[in-house]
2 protein chains.
Amino acid sequence: MAAFQAPKHIQRTKTKTTSFHGRGVRFEETINRANVYYITNQIASIHKKPTPIQVVSVSYPKRSAAKIVEAYYKTPSTTDYNGVYRGKHIDFEAKETENTTRFPLQNILTHQIEHLKLVQHCGGISFLLVSFTKLQRIFLLDVSHISQEIQKKSYISLSFFEEHGIEIENSNQLYLNYLYAVDILIDQKELNYSL
Amino acid sequence: MAAFQAPKHIQRTKTKTTSFHGRGVRFEETINRANVYYITNQIASIHKKPTPIQVVSVSYPKRSAAKIVEAYYKTPSTTDYNGVYRGKHIDFEAKETENTTRFPLQNILTHQIEHLKLVQHCGGISFLLVSFTKLQRIFLLDVSHISQEIQKKSYISLSFFEEHGIEIENSNQLYLNYLYAVDILIDQKELNYSL
């Protein structure tokens with residue numbers, strides 16, 4: 001069992017109860033709200049996976065729900081989000097950075113990138129969704145652009161996102177309509193395929 | 001937060017340490033092993049989702065991993081397994097029954113069936129994988145066969161599986177090559193689509 005650091009929003013709730021509304025969770029929240037909208041309107045079925053937890057000990061208080069009394073966070077084996085849209089399998093990792101010139105790749109585990117590449121190999125649509133919070137700019141970057149050279153450099157520059165990514169305008173602060181960018185990506189791929 | 005019964009294999013470990021090898025987990029294990037094989041050989045990327053857990057309290061022992069000291073099982077909002085194969089989104093729930101004539105539908109939550117139907121609506125391949133353990137027979141049943149009438153009856157008879165399902169021979173006891181049946185299902189759907 002691999003020990004793993006608690007997700008930030010859970011760590012923070014220990015010291016600061018208002019932190020759930022902090023910047024760290026807000027980006028994810030805009031994706032989660034979009035997913036609820038897509039599901040409710042039968043546009044797509046995309047969900048955030050539960051955080052993997054290794055349960056060690058459970059107690060069973062009488063007439064109450066089972067209570068987990070010892071457990072640990074595990075390293076996630078895949079990405080955070082996946083589902084189906086327009087008949088395509090969708091798989092992505094969503095991250096944000098306060099950096100204004102580059103996205104540090106240490107935010108993403110190596111095997112998560114391998115996972116995205118395998119999904120692509122099997123015919124799925126897989127990408128990173130990256131928010132540069134201070135710039136208020138959000139990009140979708142298809143996994144095909146994440147070469148071994150980039151992985152060695154261990155960061156992706158903003159200009160690389162500008163050149164190869166699909167920027168998502170987020171005029172609505174409440175939810176992020178990222179399927180707008182997925183539509184463009186699917187159309188690009190189908191165009192390349194038919195040429 | 002919806003309280004939820006602990007998964008059987010976790011409940012059992014309280015009283016019987018050998019139970020992990022018991023019948024309840026074995027069917028799932030044969031699927032999980034098949035998934036490892038598919039991933040290793042880049043045939044498909046299909047994973048079991050982590051069990052959703054609501055974390056209430058975490059302690060941070062010095063120089064140790066974060067320890068969850070209070071948490072509860074939540075009702076899963078989707079199915080257990082999903083991923084991508086042959087460019088298709090795959091989504092299914094795997095269950096087993098000791099019943100020899102019918103599969104009781106109370107084993108599956110209503111919103112899980114709704115989820116499978118939404119996946120189908122969005123162009124994915126979604127189904128039940130049901131093992132009749134005493135008969136040693138395993139069937140894949142496409143979600144399109146689960147009508148409202150069937151949901152009202154709250155069971156699916158073995159003969160219905162024989163008529164509408166795809167039976168999977170499991171000569172290898174270690175892993176279940178269920179993609180054999182998924183291949184047949186995809187081919188059937190593409191044939192219907194082209195007619």
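The values are calculated or read from the model by the stated rules, or taken from the named source; none is laboratory data. The model shown is predicted, which means the values in this text are computed figures rather than measured ones. Ideal geometry is used to build each Cβ from the backbone, glycine not excepted, and the neighbour counts take in all protein chains shown. Side chains included, ligands, DNA and RNA excluded: accessible areas come from the protein's heavy atoms. Shrake-Rupley method; radii C 1.70, N 1.55, O 1.52, S 1.80 Å.
Find how much the distance from A:SER144 to A:GLU70 grows on full extension, using 0.36 nm per residue of separation minus their present alpha carbon separation; answer in nm with one decimal. Kindly include the intermediate steps, with their values, before the conclusion.
Values: separation 74, 0.36 × 74 = 26.64 nm, distance 4.04 nm.
Once the chain is fully extended between A:SER144 and A:GLU70, it gains 22.6 nm.
List the residue ranges in chain B for DSSP H helices whose C-alpha atoms run 15 angstrom or more along the long axis and whose Kyte-Doolittle average is -0.5 or above.
Those that clear 15 Å and a mean of -0.5 are B:179-194.
Given Cα pairs under 8 Å that are at least 6 residues apart, what percent is the relative contact order of chain A? Don't skip to the answer; put the middle values down first.
Details: 286 pairs, mean separation 34.6, N = 195.
Normalised by residue count, the contact order of chain A is 18 percent.
Using a simple spin-label model with points 7 Å from Cα along the Cα→Cβ vector, what separation in nm is obtained for A:SER157 and A:TYR180?
Label at A:SER157, label at A:TYR180, 2.7 nm between them.
Quantify, in whole percent, the carbon and sulfur part of the accessible surface of the protein assembly as shown (1.4 Å probe; protein heavy atoms only). Write down the numbers at each step before the final one.
Working: 9810 of 20310 Å².
Within the protein assembly as shown, the accessible surface is 48 percent carbon and sulfur.
Take B:GLN106 and A:GLN42, extend 7 Å from each Cα along the Cα→Cβ direction, and tell me the distance between the two endpoints in nm.
The two pseudo-label positions are separated by 3.0 nm.
Say a label goes 7 Å from Cα toward Cβ at A:LYS48 in every copy; what distances in nm does this one have to the rest, shortest first?
Distances to the matching label points in the other copies: 2.4 nm.
In nm, one decimal, shortest first: how far is the label point of A:ASP183 (7 Å from Cα along Cα to beta carbon) from the matching points in the other copies?
For A:ASP183, the inter-copy label distances come out at 3.8 nm.
Would you mind classifying the protein assembly as shown by shape? Square roots of the alpha carbon gyration tensor eigenvalues, ordered a ≥ b ≥ c; an a/c under 1.5 is rounded, otherwise it is prolate if a/b is larger than b/c and oblate if not. Walk me through the intermediate numbers first.
Values: a/c = 1.82, a/b = 1.21, b/c = 1.50.
Oblate shape, in that a/c is at least 1.5 and b/c is the bigger or equal ratio.
Direction-averaged shadow area of the convex hull around the Cα atoms of chain A, nm²? Could the numbers behind the result be given before it?
Working: hull surface 55.7 nm².
Mean shadow area of the hull around the Cα atoms is 13.9 nm².
Normalising by the residue count of region B:36-111, find the relative contact order in percent from Cα pairs under 8 Å and 6+ residues apart.
Numbers: 91 pairs, mean separation 19.5, N = 76.
Value for region B:36-111: 26 percent.
Say a label goes 7 Å from Cα toward Cβ at A:HIS164 in every copy; what distances in nm does this one have to the rest, shortest first?
Here A:HIS164 shows inter-copy label distances of 4.7 nm.
Using only the Cα atoms of region B:76-154, construct the convex hull and provide its projected area averaged over every direction, in square nanometres to one decimal. Could you put the intermediate results ahead of the total?
Working: hull surface 21.6 nm².
Computing the convex hull of the Cα atoms and averaging its projections yields 5.4 nm².
What accessible area, in Å² to the nearest ten, does a 1.4 Å probe give for A:HIS164?
Looks like 70 Å² after rounding.
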